[in-house]
Amino acid sequence: MNKVKLAIVGCGFISDIHEKVFSELKDKIEVVGTCDVELEKARKMADFLGAEHAVTDYKDLFPHADAFLVALPHFLHYPVGMDIINAGKHCLMEKPLALTEEECLTMTHAADEKGVKLMIGYIMRFHPMITELKRIIDEKVYGNFYQMSIWTEQYTWLPEGHWLAMAKPSGGGQFYTHGCHYVDLLLWLMGKPIKGAHMGTRLCTEWVELEGTSNAIFEFEDGRLAYHFGTWGTKGTRHSYAMHIMFEDGMVECCLNEGKMWLHQTKDLSNYSEVSDEAQLIFTCEETSHLPKYEIDYFADCVLNDVRPMCDGNGALQGNRVIWRMYEAEKRNIVADLSGLGLDDEWDKKGLDKLPPTQGFVKP
């Protein structure tokens, strides 16, 4: 196989992003077909990408494609994904993988049994700044790190009755449908989770059935802490999309939207009341609005070289379980026990979406 013959299922706003990147990946990907329930959308994208087939039933693309990119509402991920996998096709599924633990387990096992690649679209792992941050952490460039704070602040509004606004078809609120990106990052960068707590609100985001604003705190192994704040209600922001990582020898600030990474250090610690913060630009990247390029490029390499994707089904399931346990703990007014949900922990059994018999950690 010299190129991946790719079909796109779902030509809505997510795929509007995808269509901007395929011209740069022509050496390894050929888009052979598009599918949408609105044929005109499928035809428009097919014309833009030079795809031969535009259909309303994705099964009509099985004879033409090796792999499928699925950009559909969350509640369709499982049935469509299973059809694709059972047809022996590779699948790049937009996050989240599915809506229940059983669906995630079934889909992951099916992909392994069929010998196809199942990758989940956790796009932030492929941000050039995040890959550089992973190197800094792994190589302890600024010593050990002990705190990571993440802000994702945006304005989102959808009309009443939209599937993303409703709990059942979307699977959750802001924390599940968008925060899952950053739970995945935390598991990847920080290791094994120990415990966590979540609080969410609909205040100023009443269009969503569950929380439109989310606050989550985590404890990881070796005493490392993390915080994630996400909101769909932003009408003004300082951080937008940003991360602060506290190291022994300074703080690294990732301005994700700007494509800039800064190192902040205080030279004279003897009189900290007079802070002398010297900021040094240590990394820059362009094309931050074209992140799908890196993700899709990696997926194509996995297919062409027969490599298991790092954002695979079992890893995505562990991230989902973290969120599900934290949702459950929030309802019970306790701190969630997240033990056993690391990316390298045992994942292949049912019931890990629930809090263990310890009942979590009771809040004082």
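Nothing in this text is a laboratory measurement; each read-out follows from the coordinates by a stated rule. Everything quoted here is computed from the prediction, not taken from an experiment. Glycine gets a Cβ as well: all are built from the backbone with ideal geometry, and neighbour counts include every protein chain shown.
Against the chain, whose longest principal axis is taken from its Cα atoms, helix 292-305 shows a tilt of about 60°. When you restrict to C-alpha pairs under 8 Å that are six or more residues apart and normalise by the size of the chain, the relative contact order lands at 17 percent. Only DSSP H runs of four or more residues enter the estimate; each adds -39500 (n - 2.57), and after division by the residues of the chain the mean residue ellipticity at 222 nm equals -8500 deg cm²/dmol. Under the criterion of Cα pairs below 8 Å and six or more residues apart, the relative contact order for the stretch 81-238 equals 23 percent. Under a Gaussian network description of the chain, with springs only between Cα atoms under 10 Å, the residue in 96, 309, 79 that fluctuates furthest is 79.
By counting other Cβ atoms within 10 Å of each Cβ, how are 225, 92 ranked from fewest to most?
Ranked by crowding around the Cβ, least crowded first: 225, 92.
Between helix 77-86 and the chain there is an angle of about 50 degrees, using the helix long axis and the longest principal axis of the Cα atoms. Taking amide H positions as modeled 1.01 Å from N, with prolines and chain starts lacking one, the residues under 5 Å from residue 31 and 5 or more places away or on another chain are 6. Under 16 Å of direct C-alpha separation, and excluding same-chain neighbours fewer than eight residues apart, residue 134 reaches these lysines: 192, 260. The stretch 162-191 and the stretch 74-136 have their alpha-carbon centroids 14 Å apart. Seen from residue 247, the other residues with C-beta closer than 12 Å to its C-beta sum to a net charge of -2, counting Lys and Arg as +1 and Asp and Glu as -1. Identify which of 122, 78, 155 has the largest mean-square fluctuation in a Gaussian network model of the chain, with springs joining Cα atoms closer than 10 Å. Its mean-square fluctuation being the largest, the pick is 155.
Between residue 279 and residue 140, what FRET efficiency comes out of the Förster formula 1/(1 + (r/R0)^6) with R0 = 25 Å and r the beta carbon distance, rounded to 0.05? For residue 140 and residue 279, the calculated efficiency is 0.75. Compared with the alpha-carbon gap, the fully stretched path from residue 100 to residue 310 is longer by 73.5 nm at 0.36 nm per residue.
Taking amide H positions as modeled 1.01 Å from N, with prolines and chain starts lacking one, the residues under 5 Å from residue 282 and 5 or more places away or on another chain are 261, 262, 263. Beta bridges per DSSP, both residues in the chain: antiparallel share near 60 percent. Within a straight-line Cα-Cα reach of under 14 Å, residue 89 can be paired with the following aspartates and glutamates, leaving aside sequence neighbours fewer than 8 residues apart in one chain: 60, 66, 112, 113, 306.
In the elastic network of the chain, a GNM with C-alpha springs shorter than 10 Å, the most mobile of 318, 147, 280 is 280. Cβ-to-Cβ counts within 10 Å put 93, 124 in ascending order as 124, 93, the fewest first. The trypsin sites (Lys or Arg not before Pro) of the stretch 210-241 that DSSP puts in a loop, and whose beta carbon has at most 11 other beta carbons within 10 Å, are 235, 238.
Helix 39-49 axis versus longest C-alpha principal axis of the chain: approximately 80°, rounded to the nearest ten. Counting only residues at least eight positions apart within a chain, or on another chain, the lysines with an alpha carbon under 20 Å from that of residue 331 are 168, 195, 354, 363.
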